[in-house]
């Protein structure tokens, strides 16, 4: 079976002198077809699967599975199939929403993900690079303009930006300027330390959404963060209003 969840081998499309990085037609077709069908099939066989699962030791939600088996009638697999189909459609919609779409022209780059759109002018960009799976775009003096996880491989992304003459670099040009943050770091303003402390707490509690919000708040203050093993490494942009 195709590993459709990770099937994001992206291709560059030139449309009206724009490079578009995102889900290919094959990726979209796979996501549209496979999850709903898989959900419907699993729903149809839900009673059989439940009967098998309750025989396993230490299975969670055992009472719920036993309650499911008390249902009787021809309508049970039909309803379960419908629920599975809907769950598959919801998953497909979520996958589309969570996948970053990058549209690059000679003048600007548009980034769309999670229902949000950011547009950056080429003249405001000083460096673009991939750090792991994260696309990072820097502005003047190394201010972080954008950072988001991107599915296309690094060489595909690099080729697309190079095609439009953007300042692509192989690695973070400021990588030697990061310092390991500790509580009440003496060289940082108190409000920055407060935000970093809140973010570290969220990070260690696996509150990814809150940690991301705090990272973006700090980026607006000129504080750039890199995470390694749940540790925060920080640099403050020279001349930033912190």
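Structure above, values below:
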{"read-out": "Label point distance in nm, residue 140-residue 227, each placed 7 Å from Cα along Cα→Cβ", "value": "3.1"}
{"read-out": "Net length gained if the chain between residue 153 and residue 204 were fully extended (0.36 nm per residue, minus Cα distance)", "value": "15.5 nm"}
{"read-out": "Three semi-axes of the equivalent ellipsoid, the stretch 175-236, Cα gyration tensor, whole Å, largest first", "value": "16, 13, 12"}
{"read-out": "Ellipsoid semi-axes in whole angstrom, largest first, where each is sqrt(5λ) of the Cα gyration tensor of the stretch 65-184", "value": "44, 19, 12"}
{"read-out": "Estimated distance in nm for a label pair at residue 105 and residue 123, the labels positioned 7 Å out from Cα along Cα-to-Cβ", "value": "1.5"}
{"read-out": "Ranked packing of 184-192, 99-107, most packed first, by mean Cβ within 10 Å", "value": "99-107, 184-192"}
{"read-out": "Spatial extent of the stretch 123-240: Rg and Dmax, with the Cα atoms as the point set, Å", "value": "14.7, 45"}
{"read-out": "Stokes-Einstein D for the stretch 105-163, Kirkwood Rh over Cα pairs, 37 °C, 0.692 mPa s (µm²/s)", "value": "276"}
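No lab work stands behind these numbers, since they all come straight from the coordinates. Treat the numbers as computed from the prediction; the structure is a model and nothing was measured. Here the Cβ is made from the backbone with ideal geometry for all residues, glycine too, and neighbour counts use every protein chain on show.
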